[in-house]
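Here's the structure, in structure tokens; my notes come after.
The values are calculated or read from the model by the stated rules, or taken from the named source; none is laboratory data. Keep in mind that what you see is a predicted model, and the values were worked out from it rather than measured. Cβ placement follows ideal geometry from the backbone for every residue including glycine, while neighbour counts extend to all protein chains displayed. In case anyone asks, the SASA skips ligands and DNA or RNA and just uses the protein heavy atoms, side chains included. Shrake-Rupley method; radii C 1.70, N 1.55, O 1.52, S 1.80 Å.
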Amino acid sequence: MEWQQLEYFQTVARMQNITSAARAMNITQPALSRSIARLESELNVPLFERRGRSIVLNRYGELFLNRVERMMEEYQAGRREIEQLLDPERGEISLGFLHTLGIRWIPDLIGQFRKSYPNVRFQLHQNSNLNLLHQLHSGEIDLCMSSPQETPPNIHWTKLWTEELFLAVPVHHRLAGAKSVALKELKDEMLISYKEGYGLRHIMDELLHRVGISPEFCLREKKYIRLQVWYALD
């Protein structure tokens, strides 16, 4: 069974005349008759009854037309949805982003974007750096906003902005009064950080490893140093 057969059947059912339907479909009457006959053969039932010069649907034809109409509607709806997705003035963007961007940056960015493209919808995915990369690679999301990382060659990164890293310590800590802190000064400190898989954790590990520090992290006792970072794309 071919899609064209269904279109021919639908037209004949509406016009109730082979000659008129053939003219409307821009095909010959014998070709249209053969298509209807082949469809009836595939379904193993007749679909029409002759009444003078007209043909009308029998009960099998009425049942089948109902299903064909639904298929045609779904097909047209699918085409419209795809066209909307491809239309730069409409469609949907699947955007992934880090948890740290969800409150401050994403609402403002979407708000500004929708001033120029009010008909574009967004599907939002908040996740860790590693999971965002997997989603991007699999096609689940169209783009993501995260911290820099090693990626396959088929993924392109663009730098958007940079933010500073801040070190937070207790009031009486030896580094509390320092205006700046060199990374090597953290050599013997216990740190609090994000768990593995998050972009900021990867950045911190890499920075500390550059100065020869294998960081130790503690999440339990408040007396230990706390490392807080706010970082976006770099």
Original post:
Of the residues in region 179-218, how many are under 22 Å from GLU163 (Cβ atoms) and open to solvent by 50 Å² or more (accessible area, probe 1.4 Å)?
Top reply: 15
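To keep it simple, each residue is scored yes or no on (1) assigned to a helix (DSSP H, G or I); (2) under 27 Å from SER146 (Cβ atoms).
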residue	(1), (2)
HIS172	no, no
SER193	no, yes
GLY197	no, yes
HIS202	yes, yes
ASP205	yes, yes
LEU208	yes, yes
Original post:
Out of region 28-44, which residues are touching a helix residue (DSSP H, G or I) at 6+ places or on another chain (Cβ under 8 Å) and assigned to a loop (DSSP other than H, G, I, E, B)?
Top reply: THR28
**OP:** Please work out which residue is nearest to ILE55 (Cα to Cα), limiting yourself to region 13-38 and to residues that are touching a residue at least 12 places away in the same chain (Cβ under 8 Å) and open to solvent by 60 Å² or more (accessible area, probe 1.4 Å).
**Re:** GLN16
Original post:
What are the pairs, 6+ residues apart or on separate chains, where a residue within region 200-212 that is more than 16 Å from ASP188 (Cβ to Cβ) has its Cβ under 6 Å from a residue that is assigned to a loop (DSSP other than H, G, I, E, B)?
Top reply: LEU200/TYR194; LEU200/TYR231; ARG201/SER193; ARG201/TYR194; ILE203/SER147; MET204/SER193
Original post:
Checking GLN4 against (1) of a type in the set (S, T, N, Q); (2) open to solvent by less than 90 Å² (accessible area, probe 1.4 Å); (3) farther than 30 Å from ASN119 by Cα, which single condition isn't satisfied?
Top reply: (2)
Original post:
Going by the structure shown, is LEU47 over 30 Å from LYS195 (Cβ atoms), open to solvent by less than 80 Å² (accessible area, probe 1.4 Å) and touching a strand residue (DSSP E or B) at 6+ places or on another chain (Cβ under 8 Å)?
Top reply: yes
**OP:** Filter region 91-113 down to residues that are touching a Leu at 6+ places or on another chain (Cβ under 8 Å) and modelled with pLDDT under 85 and give me whichever is nearest to ASN131 (Cα to Cα).
**Re:** THR100
**OP:** Would you mention how many residues in region 57-96 are assigned to a helix (DSSP H, G or I) and either loosely packed, with under 15 Cβ neighbours inside 10 Å or touching a residue at least 40 places away in the same chain (Cβ under 8 Å) (or both)?
**Re:** 26
